[in-house]
Structure formats: structure tokens, C-alpha cells
Amino acid sequence: MTEEECKLVHDTNDEGLRRFTHEHPKVFAKFTAADCAICQALAPPFEKFADDAPYRGILFVRLDSGENPVARQLMNERAAPFFVSYLQGRMLECDTRTTEAEVQAQLDRLLALMPS
């Protein structure tokens, strides 16, 4: 296994997100902003979910919306942290989440879906 494959959460950019969503059946993305207190508060639970056995089939990625134009465009209408679920390259669910329970609920909905 390469070092990249061993990472629990992959920091990426717009191009990497496109690649990941097409290479992996299930992707859970967190869009963050540098000045976002909630983003910082939800960082430990996001890392914990990435390491939890039930979610091992989901690729976890993180993007800084300030550094990625596509991410920034998605964030224009919503506040950080913004979470997006992808199934086989398609965006399924996207919204601002402010609690660990909300993040886990979205993640559980993605987990329940079977790739077609």
C-alpha cells in the first residue's frame, strides 16, 4: 500500500475531487474554510469517521474552498463546513452541517446505498 492509500482523509483540490469521485464508488467530501470555527470543531469527528470500520469503503476527502474555484462556487450559496456525498461519480447529497450527528446521518445515508 502506498502512503497515499494509507491516509484516512485525503486533502485534495477540485481536480483531485473529480478524479476521486470517478475512481471510487463512494466519496464523502468536506469543504472547509480557513476562518471557520465549526470546520475546526468537526475536524476530529470527520477523522474518526474515516477510521471507523463501517465506513472503510468510503473515501474521505477534504477541500479548502478558498483555494479551489469549483469548491468556492459550490460554497457561494452555503456556509462552511459543507459536506457532499458522491456515489459512482454523481453528487447525491450536499448541505452545510454544524454537528457531528448531522455529519454522521449524512454519512450513514451514503453507507446504506449500494453502487449499481
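The values are calculated or read from the model by the stated rules, or taken from the named source; none is laboratory data. Everything numeric here is computed off the predicted structure, so don't read it as measured data. Neighbour counts are summed over all protein chains in view; Cβ atoms, including those assigned to glycine, are modelled from backbone coordinates with ideal geometry.
Listed values, structure above:
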quantity: Test: residue in region 77-94 that is under 13 Å from the mean Cα position of the chain (by Cα), modelled with pLDDT under 85 and under 15 Å from His10 (Cα atoms); calculated: no
quantity: Of all residues making up region 33-58, the number that are touching a strand residue (DSSP E or B) at 6+ places or on another chain (Cβ under 6 Å) and hydroxyl-bearing (Ser, Thr, Tyr); calculated: 0
quantity: Among residues of region 79-102, those that are within 16 Å of Cys39 (Cα to Cα) and out of contact with any helix residue (DSSP H, G or I) (no Cβ under 6 Å at 6 or more places or on another chain), counted; calculated: 8
quantity: Ala105 at pLDDT 95 or above, loosely packed, with under 15 Cβ neighbours inside 10 Å and not acidic (Asp, Glu); calculated: yes
quantity: Region 40-72, residues that are in a loop (DSSP other than H, G, I, E, B) and surrounded by 17 or more Cβ atoms within 10 Å (Cβ to Cβ); calculated: Ile58, Asn68
quantity: Region 19-39: number of residues that are in a helix (DSSP H, G or I) and touching a residue at least 40 places away in the same chain (Cβ under 8 Å); calculated: 5
quantity: Filter result (of a type in the set (Asp, Glu) and either assigned to a strand (DSSP E or B) or modelled with pLDDT of 70 or more (or both)) within region 1-18; calculated: Asp11, Asp14, Glu15
quantity: So Gly66, is it over 13 Å from the mean Cα position of the chain (by Cα), at pLDDT 90 or above and of a type in the set (Gly, Ala, Ser); calculated: no
